[in-house]
Structures are given as structure tokens and as C-alpha cells.
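Peer 1: Attaching a single structure in C-alpha cells format; questions to follow.
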Amino acid sequence: MVAQAKLKVSPDLDKLQYFLMLRQFETQSGVIRAAYQRLADQASDSAGWNIRTVILDWLEAELRDLRKLPGDTKTVASELMRAAVALSNALKQ
């Protein structure tokens with residue numbers, strides 16, 4: 001009988017996905033909602049990585065992409081930075 005290797009889902013990943021789902025429902029901004037979805041996708045694809053590192057990498061990429069958008073994106077950038085801190089703190093609970 002061949003034993004199948006089960007991938008263990010990180011409790012941090014479960015927490016992150018839960019809090020991301022809540023934040024997606026709460027936000028009115030389509031830009032922010034899409035950013036949260038990219039983080040959820042990136043975290044799911046990053047099995048074995050430290051989730052806090054994934055959050056920081058996501059934030060860096062989002063801020064870099066915001067610079068390319070026309071108009072004032074300071075509010076979005078600020079909200080994403082606060083979200084990164086809040087999500088990282090939520091993982092400590």
C-alpha cells in the first residue's frame with residue numbers, strides 16, 4: 001500500500017484566509033478587494049513559507065504597482081499598509 005503524503009495546511013494560512021475574506025466583504029474599494037484576493041492567492045501558492053514574509057512581499061508588490069496608477073493613491077497605499085500590520089498581528093493571536 002502506498003502512503004499518500006498529506007499536505008498540512010498551516011494554521012497561519014487558515015487564519016490569514018479567514019481575515020482576508022472578512023476584509024474583502026468589508027471594503028467598498030474594488031482596488032483593495034482585488035489586492036486582498038492577490039494576497040490570498042499568493043499565500044495559497046506559498047506552502048511552507050512564513051506567512052508574515054508572504055504578507056510583506058505582497059505589500060511591497062502592491063505599493064510598487066500603485067505607483068504606476070494615475071491619480072492620488074495615497075489613501076489606498078495607507079489602507080494596504082494598515083491591513084498588512086493588522087493581518088500580521090492577527091496571526092499572533
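Every number here is computed from the coordinates shown, using simple stated rules; none is lab data. Bear in mind the structure is a predicted one, so any value in this text is a computation, not a measurement. Using ideal geometry, Cβ is built from the backbone for each residue, glycine included, and neighbour counts are taken over all protein chains shown.
Peer 1: Using the Cβ atoms and a cut-off under 14 Å, what net charge is assigned to the surroundings of E26, where Lys and Arg are +1 and Asp and Glu are -1?
Peer 2: Values: positive: R23, R33, R82; negative: E79.
With Lys, Arg at +1 and Asp, Glu at -1, the net is +2.
Peer 1: Dimensions of the chain along principal axes (Cα, Å, largest first)?
Peer 2: Rounded to whole Å, the extents work out to 61, 26, 20 Å.
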